[in-house]
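The values are calculated or read from the model by the stated rules, or taken from the named source; none is laboratory data. Since this is a predicted model, take the numbers as computed values, not measurements. No Cβ is skipped: glycine too gets one built from the backbone with ideal geometry, and neighbour counts run over all protein chains shown.
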Amino acid sequence: MTVEALPDLLVEPLVREALLEDLGRAGDVTSAAVIPAGTRMRAAMVARQPGVVAGLQCAEIAFRLLDERVSLTRRKRDGDRVAAGEAVLEVEGDARAILGAERVALNFVCRLSGIATATAALVEAAKPHKARITCTRKTTPGLRALEKHAVRAGGGANHRFGLDDAVLIKDNHIAVAGGVRIAIERARAAVGHLVKIEVEVDTLEQLDEALAAGVDAVLLDNMSPEQLREAVRRVGGRAVTEASGRINAATVQAVAAAGVDIISAGWLTHSAPILDLGLDVL
């Protein structure tokens, strides 16, 4: 699934910060000592295992920040599937610059491709049911925009980007507020007409209370497939239904079959394994 790139303005500061961290106080002392100034090289970023590609924009920015005249050729786009041994990006330019940016470029692409690959596996496992796979706010601090973009590259959708996107009344809000209904009523009175309200429920009784108060969406937390089916029946299309709670490739099919609209999985952005790629000299 091909996705639109993020604006460079959003991505460049993140890549620049990563390069500054890696280059440290003296730059790449190894390349400066071993590679004569002006040496050129050509290399390819190659997948060591099959998966779904994401993060190529980060790699390109990393190489360009160290060599503005570098030549870059994409062999894949974000959202494309890649086989082991296939190249996703070719780079040609100053050898010192390419080697100096290599690890940062790979870190971004490996991490983000891992998220895209894990998302694609969940999306495929949920078929042929209607449920959409989404991420959560459980992202690496500072990298939320990139990780959520990787979820989209894998065929998933995004949940809230931040606390200011929408109202999501969770169990702790309910406990402090004093109940489901009062929390919903307070939220309805406080927010504008364009702000959606979702409430997390752990039981069918809480679900009934939320529906009676009127919400836009219900988060059905840690419910069994049987409970989810009953919850979907009770909602009857009056609200968006979201299932959440330790859902993985082995369990997602049964959850999707319950008829929910959304399946959210926080591990996609906090625990997905990387997709192994490397930079090979051509």
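Tabulated values for the structure
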read-out: Selected residue (only one of Ser224, Ser244 is in contact with a Ser or Thr (Cβ under 6 Å, 6 or more places away or on another chain) and in the same structural domain as Pro141 (by TED's automatic domain parsing)); value: Ser244
read-out: Candidate set from segment 63-97 (those that are touching a residue at least 60 places away in the same chain (Cβ under 8 Å) and farther than 24 Å from Ala150 by Cα); member that is surrounded by the most Cβ atoms within 10 Å (Cβ to Cβ); value: Arg96
read-out: From Val53, Val3, Val46, Val15, residue being closer than 23 Å to Ala272 by Cα, surrounded by 17 or more Cβ atoms within 10 Å (Cβ to Cβ) and in contact with a Cys (Cβ under 8 Å, 6 or more places away or on another chain); value: Val15
read-out: Some residue of segment 156-168 being part of a loop (DSSP other than H, G, I, E, B), under 23 Å from Ala62 (Cα atoms) and outside the structural domain of Ala43 (by TED's automatic domain parsing); value: no
read-out: Filter result for Ala59 (in a helix (DSSP H, G or I), under 19 Å from Leu20 (Cα atoms) and either of a type in the set (D, E, K, R) or touching a helix residue (DSSP H, G or I) at 6+ places or on another chain (Cβ under 6 Å) (or both)); value: yes
read-out: Selection from segment 236-259 of residues that are within 21 Å of Lys148 (Cβ to Cβ), assigned to a loop (DSSP other than H, G, I, E, B) and of a type outside the set (Lys, Arg); value: Gly245, Ile247, Asn248, Ala249
read-out: Some residue of segment 140-147 being surrounded by 20 or more Cβ atoms within 10 Å (Cβ to Cβ), on the phi < 0 side of the Ramachandran plot and β-branched (Val, Ile, Thr); value: no
read-out: Residue in segment 264-275 that is out of contact with any Phe, Trp or Tyr (no Cβ under 6 Å at 6 or more places or on another chain) and under 30 Å from Glu92 (Cβ atoms) present; value: yes
read-out: Evaluation of Thr140 against (1) part of a loop (DSSP other than H, G, I, E, B); (2) assigned by TED's automatic domain parsing to the domain that holds Leu56 (one fails), failing number; value: (2)
read-out: From Ala150, Ala121, residue being surrounded by fewer than 24 Cβ atoms within 10 Å (Cβ to Cβ) and in contact (Cβ under 8 Å) with a residue 60 or more places away in the chain; value: Ala121
read-out: Filter result (over 29 Å from the mean Cα position of the chain (by Cα) and surrounded by 14 or more Cβ atoms within 10 Å (Cβ to Cβ)) within segment 211-220; value: Leu211, Ala213
